[in-house]
Amino acid sequence: MARTATRWARAGAAAGGMAAALTATPTMAAEVTETQYIFNTLSFLMHGFLVMWMAAGFAMLESGLVRSKNTAAICLKNVALYSIAGLMYFLVGYNLMYDGVDGGFAGSLSWWSADDSEALKGNFEAGYAAQSDWFFQMVFVATAASIVSGALAERVKVWTFFVFVVFLTAIVYPIQGAWLWGGGWLAEMGFADFAGSTIVHSTGGWAALTGAVIVGARKGKYDHAGRVLPLPGANLPLATLGTFILWLGWFGFNGGSQLALGTATDAIAIATVYVNTNMAAAGGVLAAMAATQLIYKKADLSFALNGAIAGLVSITAAPHTPSLGAAFGIGAVGGILVVVFVPLFDRLRVDDVVGAVSAHLVAGIWGTMAVPFTNAEASFSTQAVGVAAIGASVAAASAALWLVLKHTIGVRVSEEEEEMGLDRAELGMEAYPEFGRGSQMF
């Protein structure tokens, strides 16, 4: 369990890293009581299953924003990517992220195994059960992969996408995580990202952006004159449900990143994170609604939903330090950025089906750069270095893999299969068979 102590110490020294608030708490004392050990473990498990529930949120959000002929495929991708993430994080990812990084760039290439032998003997210095830690870290990996799923919906081959997810969850994400949360070079510099605006959301966003560019737009999305043609989703109530599920899951995402619940100090910190997270999401919704009313003369539901996501992403880099008013403002800026960048990417002919690149990448960059506004120990220059380094690394690695896949097994279905819909073309089924095949054009 030496790795756990190292991660705590290094992340705490990183001026707002994932466990910064732990550095001065009694839980970090040399002797951890059995009660503290139990509550820390419980926090990981409960917050972990809230983050796992976000997989359902992504599945429902994406199912609502794609056309009905692609619904079963998007559901399959979400349940499969969660499963792939768990396997790959066990085989490669966890140790690559945490085992012996020591100020460098990556850990070891080995599979993870739990060791709770000391706790079973009555020595609770590790702080929590090893498997609870692994579970909490694993569900973050699946979140990064889910971001790619929605952006590339309706035209990417299902099995090609799964190959990319293997690479993303086993190698790309763990290396970025190692740079900060594993005690790597960004931690040494003092880069701050409490729960992953950049480490998780920008990583997924860069992977999605490179994929959208290389895979190309859906048929019929843009005409020869460069106009954007709407391809509306099939079920906005389902997308709304998905957003509420993600909102709920985010309390686990950010709150659990306190990494402890063994003291009153930890409990107060988690409560602070919860209310700031909620306030930022509200700011994102209201700002997106106001912006669309001003620009389009109508309040737009899809922008409001992505405004909530953007607000949540924006606050994730530092949900423990702002006041309630500052948290609202940080989320509000994220909501406005979505309204600006979704049409901007469309003008650049980057077809992002669910607006994931704007909500996760753009808002993730904003949230990370906003940390120094509420955290005096963070610096804009160090934040910029971290954002740029992770962006360049993920974009280069993702682009390389997408191009290899494009020129080997292929990345997108044929025009005929795309017209038919991925449900029938790739899965041989329909999500809504009672509607009949006449519905496949919608």
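Odds and ends about this structure:
- Yes/no for Ala271 being hydrophobic (A, V, I, L, M, F, W, C), modelled with pLDDT of 95 or more, closer than 22 Å to Pro372 by Cα and more than 18 Å from the chain's Cα centre (by Cα): yes
- Residue within the stretch 296-304 that is within 30 Å of Ala269 (Cα to Cα) and either in contact with a helix residue (DSSP H, G or I) (Cβ under 9 Å, 6 or more places away or on another chain) or surrounded by 24 or more Cβ atoms within 10 Å (Cβ to Cβ) (or both) present: yes
- Single unsatisfied condition, Ala195 versus (1) part of a helix (DSSP H, G or I); (2) surrounded by 24 or more Cβ atoms within 10 Å (Cβ to Cβ): (1)
- Yes/no for Phe341 being aromatic (Phe, Trp, Tyr) and within 22 Å of the chain's Cα centre (by Cα): yes
- Taken together, Ser149, Ser83 contain a single residue that is assigned to a helix (DSSP H, G or I), touching a residue at least 60 places away in the same chain (Cβ under 8 Å) and polar (S, T, N, Q), which is Ser149.
- Of all residues in the stretch 106-138, those satisfying the criterion of being at pLDDT 95 or above, aromatic (Phe, Trp, Tyr) and assigned to a loop (DSSP other than H, G, I, E, B) are Phe124, Tyr128.
- Selection count where residues are among the acidic types (Asp, Glu) and farther than 22 Å from Ile409 by Cβ, scope the stretch 141-187: 0
- In the stretch 235-248, the residues that are part of a helix (DSSP H, G or I) reach residues that are of a type in the set (Phe, Trp, Tyr) and surrounded by 19 or more Cβ atoms within 10 Å (Cβ to Cβ) with C-beta atoms within less than 8 angstrom, at least six apart or across chains, in these pairs: Gly242/Phe58; Leu246/Phe58.
- Residue check, Ala142 crowded, with 19+ Cβ neighbours inside 10 Å, at negative phi and in a loop (DSSP other than H, G, I, E, B): no
- The residues in the stretch 250-268 that are under 15 Å from Phe44 (Cβ atoms), part of a helix (DSSP H, G or I) and either of a type in the set (S, T, N, Q) or in contact (Cβ under 8 Å) with a residue 12 or more places away in the chain (or both) can be counted, and the count is 9.
- Of all residue pairs spaced 6 or more apart or on separate chains, those with beta-carbon atoms under 7 Å, a first member in the stretch 48-66 that is within 19 Å of Ser302 (Cβ to Cβ) and a second member that is among the acidic types (Asp, Glu) and outside any helix (DSSP H, G or I) are Val66/Glu154.
- Note on the stretch 267-295: among residues that are small (Gly, Ala, Ser) and closer than 12 Å to Ile336 by Cβ, the one that is surrounded by the most Cβ atoms within 10 Å (Cβ to Cβ) is Gly284.
- In the stretch 422-439, the residues that are outside any helix (DSSP H, G or I) form Cβ pairs under 8 Å with partners that are at pLDDT 90 or above and hydrophobic (A, V, I, L, M, F, W, C), at six or more places apart or across chains, as follows: Met429/Ala72; Glu430/Ala72; Ala431/Ala72; Ala431/Cys75.
- Residue in the stretch 42-56 that is modelled with pLDDT under 50, under 26 Å from Ile84 (Cβ atoms) and part of a helix (DSSP H, G or I) present: no
- Residues of the stretch 170-192 satisfying the condition of being in a helix (DSSP H, G or I) and either among the small types (Gly, Ala, Ser) or in contact with a Pro (Cβ under 6 Å, 6 or more places away or on another chain) (or both): Ala170, Gly177, Ala178, Ala187
- Identification of helices (runs of 4 or more DSSP H) wholly contained in the stretch 325-414 with 2 or more residues that are crowded, with 19+ Cβ neighbours inside 10 Å, among the polar types (S, T, N, Q) and at pLDDT 95 or above yields 380-406.
- Matching entry among Val313, Val394 (being of a type outside the set (D, E, K, R) and more than 21 Å from Thr243 (Cβ to Cβ)): Val394
The values are calculated or read from the model by the stated rules, or taken from the named source; none is laboratory data. For clarity, every value in this text was computed on a predicted model and none was experimentally measured. Heads up, the Cβs are rebuilt from the backbone with ideal geometry, glycines too, and the neighbour counts pull from every protein chain shown.
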